[in-house]
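Engineer: Dropping a structure here in structure tokens format, bear with me for questions.
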Amino acid sequence: MPTYRAELTEVGAGTPMGELLRRYWHPVGLAADAGERARKVRVLGEDLILFRDGQGRAGLVYPRCAHRGTSLYYGKVEERGIRCCYHGWLYDVQGHCLEQPCDEGGGPRRDKVRQPWYAVEERYGLVFAYLGPPRKKPLLPRYGCLEELGPGEFIEADDSSLGSGGAQVVPCNWLQHWENVVDPFHVPILHGSFSGAQFVAQMAQMPKVEFSATERGVKVLSLRTLADGRVFRRVTEAVMPTLRVVPNPRIGSYGKVESIGWVLPIDDTHYRIYVSGRVSEQGQLGNMRSKMNGKSWSELTEEEHQRFPGDYEAQTGQGPITLHSEEHFAASDKGIALLRRFLEQQLKKVAAGGDPAGVAFDEESAYVQFEAGNFLADSVAAL
Amino acid sequence: MPTYRAELTEVGAGTPMGELLRRYWHPVGLAADAGERARKVRVLGEDLILFRDGQGRAGLVYPRCAHRGTSLYYGKVEERGIRCCYHGWLYDVQGHCLEQPCDEGGGPRRDKVRQPWYAVEERYGLVFAYLGPPRKKPLLPRYGCLEELGPGEFIEADDSSLGSGGAQVVPCNWLQHWENVVDPFHVPILHGSFSGAQFVAQMAQMPKVEFSATERGVKVLSLRTLADGRVFRRVTEAVMPTLRVVPNPRIGSYGKVESIGWVLPIDDTHYRIYVSGRVSEQGQLGNMRSKMNGKSWSELTEEEHQRFPGDYEAQTGQGPITLHSEEHFAASDKGIALLRRFLEQQLKKVAAGGDPAGVAFDEESAYVQFEAGNFLADSVAAL
Amino acid sequence: MPTYRAELTEVGAGTPMGELLRRYWHPVGLAADAGERARKVRVLGEDLILFRDGQGRAGLVYPRCAHRGTSLYYGKVEERGIRCCYHGWLYDVQGHCLEQPCDEGGGPRRDKVRQPWYAVEERYGLVFAYLGPPRKKPLLPRYGCLEELGPGEFIEADDSSLGSGGAQVVPCNWLQHWENVVDPFHVPILHGSFSGAQFVAQMAQMPKVEFSATERGVKVLSLRTLADGRVFRRVTEAVMPTLRVVPNPRIGSYGKVESIGWVLPIDDTHYRIYVSGRVSEQGQLGNMRSKMNGKSWSELTEEEHQRFPGDYEAQTGQGPITLHSEEHFAASDKGIALLRRFLEQQLKKVAAGGDPAGVAFDEESAYVQFEAGNFLADSVAAL
């Protein structure tokens, strides 16, 4: 019977990968998504409610009111928290029950009740949440590529799943996309030959590649000798927990990576991508989105999806969760193999009670510099 | 693992609550729903076909023809019964097979076949069915509030689920709605504050409440002292098996309850409400339907459902079947607790071979007077 | 608990009926369906990809690329086969891997990989596939009624499920339809009385019927004495594996059967019909399609489906898979009983390691003459 590797793919609470991913912060929305209208979000298989109280504090709570289970999606956001529509119980962003208005004196036993909640922090235009054990909560990392801005640069965030090649919510397992980050050989085929040259011409050339594990994930170095003898050196990284650190494949300019994508597992069979990046114009991130046959993905006919496939088609085409037992690896799949081994190591660390890669508890360790970027050298010797 | 109380909520044949509810009559349609066109109905988890033969007799049968299983939904209703479209077997309203036209002499063994059927009776503009053990079939009750009409009054029936706060078919367990009948404290919150004053102003005031079990269910007495010193006394009843005996929350006039709602469990996760009431004008029942933000429920946008929630949102917001293990009761939930205890007692009676509350086999016992109504007294002392 | 006979109805690989049916060829598309655009087909519960390479060879392969599982639905059809969009592996129509372009020299180990594939052959305007054990593969049969053409006649194929009475894909088990072929008594009821006379007047008369098992299935002989004393003799056959050999019920002219329908089990709860027939005009097959109330099936309202039911309503009305435990057979069901017994015998033969009825390995045995047709005799004595 064909099977998939549940320990690498499933993200629910209590599963091995679910518990590993819960040791990190994940984006759950744009900063603007946390507002005075309750919003449903789904993260790692959990349905939650995101809001922002009148004091500006973002909150992320379990949707079922602790009283009688009505969804806080219908709750009213107030100065001090969110109030259930049914009997008016009021909770703050940390789940404390502040009022039970149907009972004498606002509820003599309201202190005994705590609405389940998760910690949130905001950075880079995104709201991040930590769904793991409270005592293991690490610092929310800072990334050099988003901290060190050039003149006129600022940070922009995008929630349209840039890099998925298609829809905002992609109906397949997150790992199918994340593995794609360490798979440089598909680029000349899928993006260079099948769909016409989706990216710039030099990306359509088959590269020489070196794969390596780093302290935070897997690094891919692709080398291409250009027609004029210069050498195009491209470094891509997959970083724990789900970061895609991928330099612009359109290569407007050379230098360090411009943006980070967080591949958010919505549940076992859906993911989406949040991106933050350095830009010098509003909307610059969104302009990175690919066109196929001159159209955006959502405008393609069924036949055009077949004739101009991209990452969305390739990865959803592997099924909701790909069947690992049916795979046949070749030498060119070394990046995927490395990434899976890296994940297995992190699973072991957590099972043994340790901290997985990249989890940091002091500001210095929580500041991360990537190697990723597009670089140009005069010759191989000059590298 | 969060769980729900199956014995209180599930209604299928063979389940404890399913068998308890099957000791009573339930409405399965308006009188006009039984006609010469076969109609699908779903009741207590059973799919059935309702029709009326040429002699005016309503019939309720199992949909699969006893011959080869084709649905009688495609049958032809005739003078003597319903005829299957496939091979023409004809059944009367009690499931007797009257003809097998593909066989010699109309089927020499047709007497050996009986299409499964249920007893039906009509009253108050509704067709009621009894799905329980034939030997336990009680009388179809009469209710004083629908029998004793004032001058110019007549009985009107409605199948739009008046009182659900939303759609005709509501996608949650019936008990979530029925419990709402004995929950007077939600009124000032959900209907008085959240959605603006859905009802009249005096309903938005938090009442003093007395709950009590009766011989037929649970009674709620809500007292409110009005600005002029008079006392508004409101009595609501939840009556076996699923009756909502709720006086008009718009309080056009004081006096005994005007209508009865039967909360029909369609299956474990859907219900609908049939109502019969005394009216003096055609369409008067339908005019009781609430408006939210000046619109009917089906016209609301998703955002308006959030900003102007009503019973539909509060109760479907508890999920398809609420998770009882996750509830935290307060003193104000006493009515719910009483109702569940009342149901537990009825389950025990049936398990012990007895008759549950309100099941009557003589005309006198089958005639029921409610206490429910909106009443006005000059002062508390005058009550 | 009501049950169905899984061994007669379920068609998946490894099930008794699934393995029996896999000993025969089945149509999987019109010849034109195999083209340079990959096409999804579903047969006997298996999802497959149909295409035709640049050399004109039709191919039928497992959809998941043997490399990393991306669907070949997004593949590019080339001169030598189909190429996966993700990493460009190229397979020929027999699943040989011809290229792995991301690896040195086109993949040094590409010979070790075989994409799962099935044998196909084309005839009568259809592509037939054999999904069984390769060593048991029989010849694709020839049928006299499609080989021996009259002057001006040619073969036309149709994929619209002629004879289903409704949609192209019918949401019920294939056997519900196939049994209908040996059920002549439903014709005067369903097609002669219920829906008006769908066919010609003489078909609405209740026939005298003789059922018999043949070496290839079940034969039904229906005799009707016409008003002028002549005798209308109609022979219908159900032939292994799923052939409906049904003379035109509109009886344009007398003589041998004009067409064959293959009832293709898409999976356990869906089927479709492919038809090939002798015609003298383009589109003649399609004109056989019934009208109900003057409309085509897809134009009918819900009420018209009830008032003018046909085979589609009768057979889908039995449910996704009918519940055999609930049936009550009469003498007129003898054809169904014979057909089920015939199938049981074939299941036994296969279980015992033998070949089922109609499987042929030499050209002579693989040439089949049917008895089916509409015939007219001057009198009973002249038969």
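The values are calculated or read from the model by the stated rules, or taken from the named source; none is laboratory data. The model shown is predicted, which means the values in this text are computed figures rather than measured ones. FYI the Cβ positions are ideal-geometry reconstructions off the backbone, even for glycines, and counts take in every protein chain you see. Only protein heavy atoms, including side chains, enter the accessible area calculation; ligands, DNA and RNA are left aside. Shrake-Rupley method; radii C 1.70, N 1.55, O 1.52, S 1.80 Å.
Engineer: Name the one entry in A:Val77, A:Val113, A:Val127, A:Val120 that is touching a Phe, Trp or Tyr at 6+ places or on another chain (Cβ under 6 Å) and of a type in the set (Val, Ile, Thr).
Structural biologist: Just a single option satisfies the conditions, and that option is A:Val77.
Engineer: When you scan region A:347-359, how many residues do you find that are in a loop (DSSP other than H, G, I, E, B) and β-branched (Val, Ile, Thr)?
Structural biologist: Here the count works out to 1.
Engineer: Sticking with this structure for a sec: Is at least one residue of region B:190-197 in a strand (DSSP E or B), in contact (Cβ under 8 Å) with a residue 60 or more places away in the chain and not small (Gly, Ala, Ser)?
Structural biologist: Yes - at least one qualifying residue is present in region B:190-197.
Engineer: Which members of region C:316-330 meet the condition of being assigned to a helix (DSSP H, G or I) and either facing chain B (nearest Cβ under 7 Å) or free of Cβ contacts under 8 Å to residues at least 40 places away in the same chain (or both)?
Structural biologist: Listed by number, the list holds a single entry, C:Glu326.
Engineer: Okay, next question. Within region C:73-85, is there a residue that is assigned to a loop (DSSP other than H, G, I, E, B) and at the interface with chain A (Cβ under 8 Å from one of its Cβ atoms)?
Structural biologist: Yes, region C:73-85 contains a residue that is assigned to a loop (DSSP other than H, G, I, E, B) and at the interface with chain A (Cβ under 8 Å from one of its Cβ atoms).
Engineer: Of all residues being facing chain A (nearest Cβ under 9 Å) and farther than 20 Å from A:Arg68 by Cβ in region B:288-315, which is least open to solvent (accessible area, probe 1.4 Å)? Just the residue, please.
Structural biologist: B:Glu303
Engineer: Quick check on this structure: which one of B:Tyr24, B:Tyr91, B:Tyr4 is in contact with a strand residue (DSSP E or B) (Cβ under 7 Å, 6 or more places away or on another chain) and surrounded by 18 or more Cβ atoms within 10 Å (Cβ to Cβ)?
Structural biologist: B:Tyr91
Engineer: Also: Does A:Pro309 fit the bill of being part of a loop (DSSP other than H, G, I, E, B) and touching a strand residue (DSSP E or B) at 6+ places or on another chain (Cβ under 7 Å)?
Structural biologist: yes
Engineer: Looking at region B:66-88, which of the residues that are among the aromatic types (Phe, Trp, Tyr) and crowded, with 24+ Cβ neighbours inside 10 Å is nearest to C:Arg5 (Cα to Cα)?
Structural biologist: Applying the filter and picking the extreme gives B:Tyr86.
Engineer: Same structure again: What residue, of C:Leu343, C:Leu285, C:Leu339, is at pLDDT below 95 and open to solvent by less than 10 Å² (accessible area, probe 1.4 Å)?
Structural biologist: C:Leu285
Engineer: Quick one: would you say A:Glu327 is open to solvent by less than 50 Å² (accessible area, probe 1.4 Å) and closer than 30 Å to A:Tyr24 by Cα?
Structural biologist: Criteria met by A:Glu327.
Engineer: Let me ask something else about it. List the number of the failed condition for A:Pro134; all other conditions in (1) at pLDDT 95 or above; (2) buried (at least 16 other Cβ atoms within 10 Å of the Cβ) hold.
Structural biologist: (2)
Engineer: Could you run through region A:94-131 and say how many residues are more than 8 Å from every other protein chain (Cβ to nearest Cβ), within 20 Å of B:Gly192 (Cα to Cα) and open to solvent by 30 Å² or more (accessible area, probe 1.4 Å)?
Structural biologist: Total meeting the criteria: 2.
Engineer: Moving on. So A:Asp362 passes all but one of these: (1) free of Cβ contacts under 8 Å to residues at least 40 places away in the same chain; (2) assigned to a loop (DSSP other than H, G, I, E, B); (3) away from chain C (no Cβ under 11 Å); (4) open to solvent by 30 Å² or more (accessible area, probe 1.4 Å). Which condition number does it fail?
Structural biologist: It fails just one condition, (1).
Engineer: Could you check, for region A:243-253, whether at least one of its residues is surrounded by 20 or more Cβ atoms within 10 Å (Cβ to Cβ), free of Cβ contacts under 8 Å to residues at least 24 places away in the same chain and within 27 Å of C:Gly88 (Cα to Cα)?
Structural biologist: For region A:243-253, residues surrounded by 20 or more Cβ atoms within 10 Å (Cβ to Cβ), free of Cβ contacts under 8 Å to residues at least 24 places away in the same chain and within 27 Å of C:Gly88 (Cα to Cα): absent.
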